[in-house]
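The values are calculated or read from the model by the stated rules, or taken from the named source; none is laboratory data. Everything numeric here is computed off the predicted structure, so don't read it as measured data. In this analysis, Cβ positions are derived from the backbone assuming ideal geometry, glycine residues included, and neighbour counts consider all displayed protein chains. What goes into the accessible areas is simple: the full protein's heavy atoms, side chains included, and nothing from ligands, DNA or RNA. Shrake-Rupley method; radii C 1.70, N 1.55, O 1.52, S 1.80 Å.
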Amino acid sequence: MAELTRSELFPGVHLTAVHTEKFKSCVLGASFLAPLDRTTAACNALVPSVLRRGTQEHPDMESLSAALDELYGGSIEPVVRTRGETQCVGFLGSFLDDAYTLDGSAILEKAAGLLGELLLRPCTEHGVFRRDYTDSERQNLIDRIRAQVNDKRSYALLRLKREMCAGEPFGVDRLGDESSARAITPESLWARYQDLLRTAPMELYYCGSAKPERVADALRAALSQLPTDGVRTPLPRPAAKEAPAQPREVVESLDVTQGKLTMGLRTGSTVWSEDYPALLLANAIFGGTTTSRLFLHVREKLSLCYYASSQLEKLKGVMLVSSGVEFDKVGEARAEILSQLEACRKGAFEDWELEGARRSVVSALHSAMDAQARLEDFWLGQAVAGLTEDPEALARRVEEVTREQVVAAFSSLQLDTIYFLKGREA
């Protein structure tokens, strides 16, 4: 049975510790939380990659790899994610759990120490980040930003969010934009890094067999040099926004052989709303599972799409619909997707669809307890949201949702934007 402990190690620095003996490895992570903003997104995204290049004690990747090898081949990698309108940048590590070392030696304290070293003691020159490390990782970031267009399914969703939430932080990409990335210098990156160290709320995470008190002590020692002269202000919740009276429509042409039809809907509810469990079921019925309306009717029965699904952005109150279509079937596919949405708004779904969706959502929540990566991802979202409800508690709430509550959740969905990616010759 996993036991969760939530504590504040320093002002604005919180630790979520999951005590469990289920896994043979432990997960250790640290993330700075920053408002998602076009002017800082690229800089924030670059910070952990440059930090990972070397520290004062281990000034290059070769010596860092050697240090990780000594910890039974552990890993610490830079991560850049978004949760709602919050950008989460930092590191996520995986190490052999102390219970499985050959000689009974402790790994946790050494792993925490190396994590603190990466965060607080970077390899520098002339008082800022090394220019060669900055230049190399900046080009890698630019390449990653450019490469997003290569996955057309993800690219279409990215473009939908940009168009739907233009002027809102949610419309900013987690990696920032190319022009901002290109302008980064060692000096500007160092200044941004100092801002994060002093003012960004920080989320620490541990999952393994160590007692929470021991984990807290190890991380306090590892982060003892963290600046304390700034104020780490909690980030605000994303502002609610209603859909326009007339949905926006955007069409873009690229060299593609399959059209990508995406739709953005405002849900009227978020993870903080009492009806959030009903919204989870509504998403599952509509397009979130292989027994959903979009999959069974639009894809399987009518063969209008190569794929069709929906997903929730729970911290923003947005549902995103994604589908791959033939260019000449886009009108039919669009009409049928909206027809299925209207049917769900009227409650025209069978009891077996509701119960199938319920079983799928509950099963996914329970299975999150069995996968460390999914468990870490879940708790990062909860930490950003300021919630402590675990997957099993949320599953119990889902079990209690009624048909009427699901219909009410469907009724709150409002179409905001339609984005279609077509071929140049279509």
Using the Karplus curve 6.51 cos²θ - 1.76 cosθ + 1.60 with θ = phi - 60°, work out ³J(HN,Hα) for each residue of segment 416-422 in order, rounded to whole Hz, and write x for Gly and Pro.
10, 9, 10, 10, 10, 9, 10
In whole Hz, what ³J(HN,Hα) sequence does segment 254-271 give by Karplus (6.51, -1.76, 1.60; θ = phi - 60°), x for Gly and Pro?
9, 7, 10, 9, 9, x, 10, 9, 10, 9, x, 10, 7, 8, x, 9, 9, 4
What whole-number distance in Å separates the alpha-carbon centres of segment 66-135 and segment 385-426?
35
Using Cα pairs under 8 angstrom and six or more residues apart, how large is the relative contact order of segment 1-123, in percent?
29
In order through segment 107-120: 3J(HN,Hα) via Karplus (6.51 cos²θ - 1.76 cosθ + 1.60), integer Hz, x for Gly, Pro
9, 3, 5, 5, 5, 4, x, 5, 4, x, 4, 4, 6, 10
For a quick check of understanding: with a 1.4 angstrom probe and all protein chains in place, what accessible area in square angstrom does THR185 have, to the nearest ten?
50
Using a probe radius of 1.4 Å on heavy atoms only, what accessible surface per residue do you get for segment 290-426? Whole Å² is fine.
44
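Counting only C-alpha contacts under 8 Å and six or more residues apart, can you give the relative contact order of the chain as a whole percent? Write out the running numbers ahead of the final one.
Numbers: 774 pairs, mean separation 89.5, N = 426.
The value is 21 percent.
For the pair ASP69 and THR199, what calculated FRET efficiency results from E = 1/(1 + (r/R0)^6), where r is the Cβ-Cβ distance and R0 = 35 Å, to the nearest 0.05? Intermediate results must be reported in sequence, preceding the final value.
Details: r = 35 Å, r/R0 = 1.01.
The computed FRET efficiency comes out at 0.50.
Within the accessible area of the chain, what % is carbon and sulfur when the probe is 1.4 Å and the other protein chains stay in place?
Working: 9220 of 18490 Å².
Here it works out to 50 percent.
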For GLU242 and TRP352, compute 0.36 nm times the residue count separating them, minus their Cα-Cα distance, and round to one decimal in nm.
36.4 nm
For segment 23-76 the GluC sites (Glu not before Pro) that pass both the DSSP coil test and the at-most-16 other-Cβ-within-10 Å test are GLU57, GLU70
Tell me, what are the semi-axes, in whole angstrom and largest first, of the equivalent ellipsoid of the chain as set by the roots of 5 times the Cα gyration tensor eigenvalues?
39, 27, 19
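If you build the convex hull over the alpha carbons only and average its shadow over all orientations, what do you get for segment 34-179? Give it in nm² to one decimal. Each step should come with its number before you reach the end.
Values: hull surface 41.9 nm².
Spelled out: convex hull of the Cα atoms, projected over all directions, averaged, 10.5 nm².
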Could you give the nm distance between label points at ARG359 and GLU332, where each point is 7 Å from its Cα heading toward the beta carbon?
3.2
With charges only on Cβ, +1 for K and R and -1 for D and E, what is the dipole size of segment 305-426 about its Cα centre, in debye, rounded to 20?
300
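Given an 8 Å cut-off on Cα distances and at least 6 residues of separation, report the relative contact order of segment 302-426 as a percent.
Over segment 302-426, the number comes to 23 percent.
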For segment 19-83, with +1 on Lys and Arg beta carbons and -1 on Asp and Glu, the positive-most of VAL47, GLY73, LEU33 along the dipole
LEU33
What is the percent of Cα-Cα separations in segment 215-359 that go past 25 Å?
43
What is segment 328-426 by shape, rounded, prolate or oblate, if you read a ≥ b ≥ c off the alpha carbon gyration tensor as root eigenvalues and call it rounded for a/c under 1.5, prolate for a/b larger than b/c, and oblate otherwise?
oblate
Normalised by the empirical 2.2 N^0.38 Å for globular proteins, what value does the Cα Rg of segment 226-265 take?
2.27
Which value, in Å³ per residue, describes the convex hull spanned by the Cα atoms of segment 340-386?
108
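Want the number for THR257 to ARG153: 0.36 nm per residue separation, take away the alpha-carbon distance, what's left?
Numbers: separation 104, 0.36 × 104 = 37.44 nm, distance 1.22 nm.
Length gained between THR257 and ARG153: 36.2 nm.
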Express in whole angstrom the spacing between the alpha-carbon centres of segment 257-294 and segment 341-371.
11
Skip the ligands, DNA and RNA, and give the accessible area per residue of segment 51-110 with a 1.4 Å probe, whole Å².
45
State, to one decimal in nm², a quarter of the convex hull surface area for the C-alpha atoms of segment 161-212, i.e. the direction-averaged projected area.
6.5
Reciprocal mean inverse distance between Cα atoms of segment 98-177 - Kirkwood radius, Å:
16.7
Taking only the alpha-carbon atoms of segment 1-92, what semi-axes of the equivalent ellipsoid follow from 5 times the gyration tensor eigenvalues under a square root, in whole Å, largest first?
24, 23, 11
